[in-house]
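Data first, discussion second: the structure below is written as structure tokens.
Nothing in this text is a laboratory measurement; each read-out follows from the coordinates by a stated rule. From a predicted model like this one, the values you see are computed outputs, not experimental measurements. Cβ: placed from backbone, ideal geometry, glycine included. Neighbour counts: every protein chain shown.
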Amino acid sequence: MQIKTCIAVALFALGILPGGMKAQTGNYQPNNPSLSQHPLPKWYDDAKLGIFIHWGLYSVPGWAKGTDKTFEELMAGGSVLEWFNNNPYAEWYLNSLKLEGSTTRAYHEKTFGADFPYDGFVPMFNAAIKKWDPQEWAKIFREAGAGYVVLTTKHHDGFTLWPSRHPNPFKSQYAAERDLVGELSQAVSANGMKMGLYYSSGLDWTFNPKPIKELMDLFTGVPQQQEYVRYVENHWRELMERYNPFVLWADIGSPQAFNPANVIADFYNRQPEGVVNDRHKMEMSPTGFGSAVYYDFNTPEYRILDSIASKKWETCRGIGKSFGYNQLEDAETFLSVEELIESFVDIVSKNGNLLLNIGPRADGSIPQGQLERLQGLGAWLKVNGEAIYGTRPWNVAMANTATGERVRFTRKDGSIYLILLDTPKEKAVQISGLPLSGKGGKITDLATGKSVKYSIKNGVLHFSVSAPASAAHAFRLSAK
């Protein structure tokens, strides 16, 4: 590690924010009425795009066969064992390895041998990460147009990506030899983005090694011993105090005896501009399964809402079917650049953010197909970002032109943005059923800077465009 990087990481460890400013304090109390007074920070609502990173021991084998059926489809049939035996998530490698008849176990025995333990990947991972350059990552994410980054500090396998003062009680030296959390936090901040930290507080297979085979195993698999309750709280507090993140991203709930409201209140008091997701504590209620503690945004996975939501949301997904690196995925199986842009625009029009995941190899290299998607999205945002960043949902999220092209809407500073997800078949564009009135004004093509007159006749918006083929075409509708 270079001297400058060491100094920067040390400042994070002392709780000093970039610029030498100590974190602010507030007056939040550890209960929902108090926490619910926390306003959604403008930076998060404005950012729209975050980068999720799943990186750990599972990145060494980097393998998941997967299934063509969705989790929901198999759950409707009464059992999800088929899904877990063919889990498309490579970061679940350890769990898949435990399942008799799983594709992962067959691959592991053939490639590494039946007696090769999962812990055998620890020295391999630590050797590989010596090549990693956090500054390179941060520049790639910035060029992709991201406003924040969320790193998996500990996934379900329990391996930590930072040198914790609270090491795993069951496994010696079960942590990365480099402070990956600290180094990336410094690089992300230096490149003008916010840093967020993911932590699996619900599952930790070093405390509860029970295999996950069925849906209920996700609940019974949560460790409940007091030792784990203390472990989770100590880790959350250590991550907050050492790295000053802006996002606390929990997963699969937490033990029954753990009260995340204490951590969240202290987080808000320390970092008023921080946000938390909806997976810190789960419970059943008359309306279904949901969060037992206040949260700033909810987190559908691989899913886009059908309409504008009043509550801020963030969909998380991989560029392919896996979050962790999967050597079986390539450019053929990833979302295309066009599909990525279209889904991103759709999400933003409905009050959502996109947390787009990358799955790097163990040495930190990002597969070329993933890089191409990030670069394609970044190039589009450089031209059309005005219609995305800092916007809010309009009165409606979507419509269709008279010739069937899909349209999405956002608004900002008195202007409405129309984003065509399809290249218009005709030069004359007509959109009906919009809550618009008046005459005059203009529509500006963000790609060319050229403006055209528009008119509204009998509730139908008319304007003309000459747009080359593109993933999406953004236009500003303004009164003058």
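Below are the figures for this structure:
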{"quantity": "Pairwise Cα inverse-distance average, inverted: Kirkwood Rh of region 181-319 (Å)", "calculated": "16.2"}
{"quantity": "Rg ratio (alpha-carbon, reference 2.2 N^0.38 Å) - region 398-478", "calculated": "0.98"}
{"quantity": "The chain, relative contact order [Cα under 8 Å, separation at least 6], %", "calculated": "17"}
{"quantity": "Label-to-label distance, nm, for residues given as residue 402 and residue 332 (7 Å Cα→Cβ offset)", "calculated": "4.4"}
{"quantity": "Cβ crowding within 10 Å averaged over residues, with 290-298, 467-475 ranked highest first", "calculated": "290-298, 467-475"}
{"quantity": "Radius ratio Rg over Rh of region 85-189, counting only Cα atoms, Kirkwood formula for Rh", "calculated": "1.02"}
{"quantity": "Estimated FRET transfer efficiency when R0 is 22 angstrom, pair residue 27-residue 273 (beta carbons, to 0.05)", "calculated": "0.90"}
{"quantity": "Sorted largest first, extent of the chain alpha carbons per principal axis (Å)", "calculated": "71, 52, 51"}
{"quantity": "Region 321-428 - Rg (one decimal) and Dmax (whole number), Cα, Å", "calculated": "16.0, 51"}
{"quantity": "Estimated [θ] at 222 nm from DSSP helical runs (n ≥ 4, -39500 (n - 2.57)) normalised by residues in the chain, nearest 500", "calculated": "-8500 deg cm²/dmol"}
{"quantity": "Radius 14 Å from Cβ of residue 332, net charge of other residues (Lys, Arg +1; Asp, Glu -1)", "calculated": "-2"}
{"quantity": "For region 253-333: span of alpha carbons on each principal axis (Å, largest first)", "calculated": "45, 28, 28"}
{"quantity": "Separation of the residue 105 and residue 42 label points, Cα + 7 Å toward Cβ, nm", "calculated": "5.6"}
{"quantity": "Stokes-Einstein D for region 120-167, Kirkwood Rh over Cα pairs, 10 °C, 1.306 mPa s (µm²/s)", "calculated": "122"}
{"quantity": "Over region 126-254, volume per residue of the alpha carbon convex hull, in Å³", "calculated": "118"}
{"quantity": "Packing rank of 275-286, 394-405, 451-462, 146-157, where each peptide gets the mean count of other beta carbons within 10 Å, highest leading", "calculated": "146-157, 275-286, 394-405, 451-462"}
{"quantity": "Charge tally in the Cβ shell below 13 Å around residue 308, where Lys, Arg are +1 and Asp, Glu are -1, residue 308 excluded", "calculated": "+4"}
{"quantity": "Evaluated at q = 0.33 Å⁻¹: base-10 log I(q)/I(0), Debye formula over Cα of region 254-295", "calculated": "-1.17"}
{"quantity": "Equivalent ellipsoid, region 30-153 (semi-axes from 5 times Cα gyration tensor eigenvalues, Å)", "calculated": "33, 24, 14"}
{"quantity": "Net charge of neighbours whose Cβ lies under 12 Å from the Cβ of residue 343, counting Lys and Arg as +1 and Asp and Glu as -1", "calculated": "+2"}
{"quantity": "Residue order, fewest to most beta carbons within 10 Å, for 96, 365", "calculated": "365, 96"}
{"quantity": "Ellipsoid equivalent to region 403-447 - semi-axes via the Cα gyration tensor, in Å", "calculated": "18, 13, 11"}
